[in-house]
Amino acid sequence: MNEKIKTIELDFVNAFLVKAERGFVLIDTGMGHHWDRLEAALKALGCLPNRLKVVLITHGDLDHVGNCAKLQMKYKVPIAIHAGDALMVESGMAPKRTVRTLRARVFSWVARMRVKKMAVERFKPDLFLNDGQDLSATYGFKAKIVHIPGHTKGSIGILTEEGALFVGDTLLNRGKPDTATYIEDPVELKNSIAKLRTMNIKMVYPGHGKPFSMEQLPG
């Protein structure tokens, strides 16, 4: 496992802290009720209060953006996301999606019941990410943005020079490597996965489940 990458497990969702040349980059933030655990982990890893350079959001779902507002307000950390998901985080409007598996349908119902009881902090992104964008000059993070719509319009991957792919929910590993189970656009998702298969990806870091090698993804 890459020593520069630290997985912060927040119940059923992952956040990833990556050591860059000029500080740290955080990928996703968990849900709002994970704040104390996330903040404690970032402090313990030497990231807060002033070494976190940017938060990169893989997509706009609540379980990935729940602590963005707190990081913005308390630590003045810029939040970056693809423009395709800006409306999701600014207004809370989630896209309509089909659900591919029974397990995902049950999980979706439970999640909706929990969300109804939560105060959700909306936020305005500081930066927008584009397909092919190189992060090395700005953050000292040798990685590029890969736009992979399908799960949501603005879903992205972050592919490092070493072949690590942070992929949000486009790929997952709940029991075994698989493709997204919540799908906004099936054609776009199919094209995005085909696009990923052409890239030099060695290890996949999904938003849900353990990392896995790209070879483990079913064909």
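For D169, the test of being modelled with pLDDT of 95 or more, closer than 28 Å to N50 by Cβ and of a type in the set (D, E, K, R) is failed.
Of all residues in region 70-92, none are at pLDDT 95 or above, surrounded by 14 or more Cβ atoms within 10 Å (Cβ to Cβ), small (G, A, S) and in a loop (DSSP other than H, G, I, E, B).
Only one entry in V110, V55 is modelled with pLDDT under 85 and hydrophobic (A, V, I, L, M, F, W, C), namely V110. Could you give me the residue pairs with C-beta distances under 9 Å whose first residue belongs to region 187-211 and is within 13 Å of A15 (Cα to Cα), whose second residue is hydroxyl-bearing (S, T, Y) and crowded, with 21+ Cβ neighbours inside 10 Å wherever it lies, and which are 6+ apart or on separate chains? Correct list of pairs: P206/T170; G207/T58; G207/T170; P211/Y205.
Do we have any residue at all in region 144-167 that's surrounded by fewer than 20 Cβ atoms within 10 Å (Cβ to Cβ) and hydroxyl-bearing (S, T, Y)? No, region 144-167 contains no residue that is surrounded by fewer than 20 Cβ atoms within 10 Å (Cβ to Cβ) and hydroxyl-bearing (S, T, Y). Among the residues of region 1-46, those that are under 16 Å from G168 (Cβ atoms), assigned to a strand (DSSP E or B) and not β-branched (V, I, T) comprise E9, L10, N14, A15, F16, L17, L26. If the condition is being among the hydrophobic types (A, V, I, L, M, F, W, C), surrounded by fewer than 24 Cβ atoms within 10 Å (Cβ to Cβ) and in a helix (DSSP H, G or I), then region 47-67 contributes only L62.
Look at region 154-172: where a residue is free of Cβ contacts under 8 Å to residues at least 12 places away in the same chain, no partner that is assigned to a loop (DSSP other than H, G, I, E, B) sits 6+ places away or on another chain with Cβ atoms under 7 Å.
The values are calculated or read from the model by the stated rules, or taken from the named source; none is laboratory data. Just so we're clear, the structure is a prediction, and the values are computed from it rather than from any experiment. Because the Cβ atoms are built from the backbone with ideal geometry, glycine has one as well, and the counts that use them run over all protein chains shown.
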